[in-house]
Amino acid sequence: MSNIIVLCETKQGKIRTVAKEALSAAREIAEDLGAKVLGVLIGPSIANAAEELAPFGPDRLMAVTHPALEKYSTEGYTQALAEIINSESPVAVIFSATAMGKDLAPRVAAKMDKPLLADCTELMVEDGHVHVVRPIYAGKVLLRAAVQSDWAVLSLRPKIFQPKPVNGSTVSVETRDVALDESKIRAKVVEIKQESGATVDLTEADFIVSGGRGMKAAENFTLIEELAKTIGATVGASRAVVDADWRPHSDQVGQTGKTVSPTLYIAVGISGAVQHLAGMSSSKVIVAVNKDSEAPIFKVATYGIVGDALKIVPVLTEAIKQAKTE
Amino acid sequence: MKILLLLKTVADSEASIRPTSDGKAVALSDINLILNPYDEYAVEEALQIREKNGDAEITALCYGDEMAIKTLRTALALGVEKGVHIKGQPGFDSLTTAKILAAAIKDMDYDLILCGKQAIDDDSSSVGVMVAELLDIPSVSVAVKLDITDGNVRVTREIEGGHEIVEMKMPCLVSAQKGLNEPRYPSLKGIMAAKKKPIEEKDALAAETQIEVLRVEAPATRSAGKIVGEGEEAVPELVRLLKEEAKVL
Ligand SMILES: Cc1cc2nc3c(=O)[nH]c(=O)nc-3n(C[C@H](O)[C@H](O)[C@H](O)COP(=O)(O)OP(=O)(O)OC[C@H]3O[C@@H](n4cnc5c(N)ncnc54)[C@H](O)[C@@H]3O)c2cc1C
Ligand SMILES: Nc1ncnc2c1ncn2[C@@H]1O[C@H](COP(=O)(O)O)[C@@H](O)[C@H]1O
């Protein structure tokens, strides 16, 4: 039986939401490909993996543990996946286009000599071939492409494919041993610095409040943070603000920053330059606050308020707090 | 130390991008082409390594049509010694591009390969890591800090909500993220000197693509929404709309 192999990403002992998204996306094309969905977990074992992932319909779950796989390494994970791929006749190998997936998928594709279609936003099957849509040129155009080889490596943009529970689905976890050539794990992670207390990363956030140069000064970002806290949002920024050192680069949204797809994106004092829009225009609802009614951000905003952000944001924060208690 | 740079020619990020009339490619005539922004960080890092080490030799490779020459001249003007133009037309299959680059590099002498984390045209973020795998060397992608001491390479790379510090030995490949450094501008002297620097021409390895482009299409446009109002007075209505119409609160 052929398989859609899905790397189920974990982080600090927990299953990531992107793993559920990827399993659901695989489930959607599995029948058309006449394949089973095989979820693969690599690294320290996760106690409740079966219960957590079963609802998303994998036919099998496989846990690969090995002392050399305790921490992520591009080469270690590539070797482990290559072994699984070689024994599980894949019709597709699916990753999430996360920091790990973007690093790992190309290495696996090159090792297996199969093409990679990265950061896909749609998957479908036509006459037994996988077709994908992926945004190119920062989303200014979409590329629709067909896989011509027997199988391909795909990575999926986070938050585009919805995790869809399947009724009555159950699964257990099989353990799988792999033989690794540890001398070929040459790049080693020696330290992980997780910014403590950090909210959800921008790429995974459902709510984002971003500030631009219209916030006038770094100190004024406390207003953005307050609003973000009220709605459980992650703070983002325009490049102008990052270049001015008001915010760290990891906050930057846009073509040379992060691509985000939240449910709600609030852009405050951001003009809406093409490079910024490139990173956030797939947000479901966009709110813009800008004193210039001609600002391009209003062309993509679902709702806009024209006016001074420094006055409007605190009022908005209060109004939302109020609305939440009602 | 010998450093190789992988540089790509891309459309300016300001450019308005449209499909060609047959919908099979991107219309690139009349579009300003530039050195990929992330590759600028790779170039700058190479120059800084040379400034620290004194004896580094930097060669830039670009696989592309004749516009590659302009891209390579940009790098030469910044201080890179030599350019290699691999002639051809990169498509959307990053593995094919990686194979062509790796084939050109295979017989070259190198300690460190630097590239960008992503080309802002195909947005694939793959070619660098693929080249490393094809050359059988270790790699670290999305680097924001790079230190080299006695052949040991220590890289800080960006991950969700934090950073990873990765160590490896040369030869190796590192892909550059914004934040790695502040790219310099070329000097007039550099631009003049670049004209005399060598650019070697090479034919690309013949590699079959395994991807078929079906269509390049414009994305569904977002319909412009409504201006709820002006100033703080508009806030209650906005909150109502978010709650009742958009149902996101
Ligand atoms: C290669 C390249 C890559 C780039 N990548 C990115 C990227 O990834 N992300 C990104 O964001 N940009 C990127 N840019 C930069 C982009 O072109 C813009 O310069 C940038 O987005 C502008 O940021 P801004 O909107 O905060 O600032 P500005 O353009 O200065 O806009 C400030 C806005 O605030 C409004 N304003 C001022 N005062 C107030 C007030 N009191 N209340 C409310 N509104 C107010 C103004 O009307 C204006 O619309 C890139 C540029 C290049 C060349
Ligand atoms: N045609 C090319 N010639 C030289 N380098 C390239 C080419 N394509 C991609 N690269 C390098 O690979 C990086 C990642 O590209 P990509 O995988 O296309 O996003 C770029 O930033 C370049 O450094």
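Filter the stretch A:275-297 down to the residues that are in contact (Cβ under 8 Å) with a residue 24 or more places away in the chain and more than 19 Å from the chain's Cα centre (by Cα) and list them by number.
A:Q275, A:V289, A:N290, A:K291, A:A295, A:P296, A:I297
Given A:K193, A:K159, which one is at pLDDT below 95, part of a loop (DSSP other than H, G, I, E, B) and within 30 Å of A:Q79 (Cβ to Cβ)?
A:K159
Could you please find all residues in the stretch A:296-306 being modelled with pLDDT of 95 or more and either in contact with a Cys (Cβ under 6 Å, 6 or more places away or on another chain) or surrounded by fewer than 21 Cβ atoms within 10 Å (Cβ to Cβ) (or both)?
Within the stretch A:296-306, A:P296, A:V306 meet the criteria.
Considering only residues of the stretch B:183-207 that are part of a helix (DSSP H, G or I) and under 24 Å from B:D65 (Cβ atoms), which is most open to solvent (accessible area, probe 1.4 Å)?
B:I191
Being open to solvent by less than 10 Å² (accessible area, probe 1.4 Å), facing chain B (nearest Cβ under 9 Å) and of a type outside the set (G, A, S): is that true of A:R144 here? Don't jump to the end; show me each part of the working.
Details: open to solvent by less than 10 Å² (accessible area, probe 1.4 Å): no; facing chain B (nearest Cβ under 9 Å): yes; of a type outside the set (G, A, S): yes.
In short, no.
Take residues that are touching a strand residue (DSSP E or B) at 6+ places or on another chain (Cβ under 6 Å) and farther than 30 Å from B:M168 by Cβ and tell me which of the helices (runs of 4 or more DSSP H) falling wholly in the stretch A:1-114 contain 1 or more.
Per the criteria, A:17-33, A:49-53.
Any residue in the stretch A:298-326 that's closer than 19 Å to A:F221 by Cβ: show its pairings with residues that are open to solvent by 60 Å² or more (accessible area, probe 1.4 Å) and part of a helix (DSSP H, G or I) at Cβ separation under 8 Å, as long as the two are six or more apart or on different chains.
Note: pairs meeting the criteria are A:G307/B:E232; A:K311/B:E232; A:I312/B:E232; A:V313/A:E226; A:P314/A:E226; A:V315/B:E232; A:T317/A:E226.
Could you please find all residues in the stretch A:203-221 being under 20 Å from the mean Cα position of the chain (by Cα) and in contact (Cβ under 8 Å) with a residue 60 or more places away in the chain?
Matches in the stretch A:203-221: A:T203, A:E204, A:I208, A:S210.
Would you point out the residue of the stretch A:226-265, among those that are more than 17 Å from A:V287 (Cβ to Cβ) and more than 11 Å from ligand 1 (Cβ to nearest atom), that is surrounded by the most Cβ atoms within 10 Å (Cβ to Cβ)?
A:S250
Here are B:D123, B:D93, B:D136: which of them is within 12 Å of ligand 2 (Cβ to nearest atom), surrounded by fewer than 23 Cβ atoms within 10 Å (Cβ to Cβ), more than 29 Å from B:G190 (Cβ to Cβ) and at the interface with another protein chain (Cβ under 10 Å from one of its Cβ atoms)?
Residue meeting the stated conditions: B:D123.
Could you please tell me which pairs satisfy a Cβ distance under 8 Å, a separation of 6+ or placement on different chains, a first residue in the stretch B:51-76 that is modelled with pLDDT of 95 or more, and a second residue that is within 16 Å of ligand 1 (Cβ to nearest atom) and assigned to a helix (DSSP H, G or I)?
That search, which allows pairs on different chains as well, returns B:A60/B:V43; B:C62/B:T71; B:G64/B:T71; B:A75/B:V43.
If you go through the stretch B:179-215, how many residues are under 27 Å from B:Y41 (Cβ atoms) and touching a strand residue (DSSP E or B) at 6+ places or on another chain (Cβ under 8 Å)?
Matching residues across the stretch B:179-215 total 9.
Pick from the stretch B:172-182 the residues that are in a loop (DSSP other than H, G, I, E, B) and among the polar types (S, T, N, Q): which of them is nearest to the other protein chains (Cβ to nearest Cβ)? I'd like the intermediate steps shown before the answer.
Filtering the stretch B:172-182 for residues in a loop (DSSP other than H, G, I, E, B) gives B:177-182.
Retained after the next criterion (residues that are among the polar types (S, T, N, Q)): B:177, B:181.
Details: B:Q177: 8, B:N181: 12 Å.
Applying the filter and picking the extreme gives B:Q177.
May I ask you to verify whether B:E160 is farther than 30 Å from A:Y265 by Cα and facing chain A (nearest Cβ under 10 Å)?
no
Identify the single condition in (1) in contact with a helix residue (DSSP H, G or I) (Cβ under 7 Å, 6 or more places away or on another chain); (2) more than 16 Å from ligand 2 (Cβ to nearest atom); (3) of a type outside the set (S, T, Y); (4) in a helix (DSSP H, G or I) that A:V260 does not satisfy, given that it satisfies every other one.
Condition (4) is where A:V260 drops out.
What is the residue count in the stretch A:211-225 for residues that are assigned to a helix (DSSP H, G or I) and buried (at least 24 other Cβ atoms within 10 Å of the Cβ)?
2
In this structure, is B:L35 more than 16 Å from ligand 1 (Cβ to nearest atom), crowded, with 24+ Cβ neighbours inside 10 Å and within 14 Å of chain A (Cβ to nearest Cβ)?
Working: more than 16 Å from ligand 1 (Cβ to nearest atom): no; crowded, with 24+ Cβ neighbours inside 10 Å: yes; within 14 Å of chain A (Cβ to nearest Cβ): yes.
In short, no.
Can you tell me how many residues in the stretch A:267-295 are within 16 Å of ligand 2 (Cβ to nearest atom) and either surrounded by fewer than 24 Cβ atoms within 10 Å (Cβ to Cβ) or in a loop (DSSP other than H, G, I, E, B) (or both)?
1
How many of the residues making up the stretch A:251-270 are in contact with a strand residue (DSSP E or B) (Cβ under 7 Å, 6 or more places away or on another chain) and in contact (Cβ under 8 Å) with a residue 40 or more places away in the chain? Give the derivation first.
At the first step, the residues of the stretch A:251-270 found to be in contact with a strand residue (DSSP E or B) (Cβ under 7 Å, 6 or more places away or on another chain) are A:251-253, A:258, A:260, A:262-270.
Narrowing further to those that are in contact (Cβ under 8 Å) with a residue 40 or more places away in the chain: A:251, A:253, A:258, A:260, A:262-270.
Looking only at that region, the number is 13.
The values are calculated or read from the model by the stated rules, or taken from the named source; none is laboratory data. Just so it is clear, the structure is predicted and the values come from calculations on it, not from any experiment. All Cβ positions, even for glycine, are placed from backbone atoms using ideal geometry, and neighbour counts span all protein chains on display. Remember, those area values only see protein heavy atoms, side chains included, never the ligands or the DNA or RNA. Shrake-Rupley method; radii C 1.70, N 1.55, O 1.52, S 1.80 Å.
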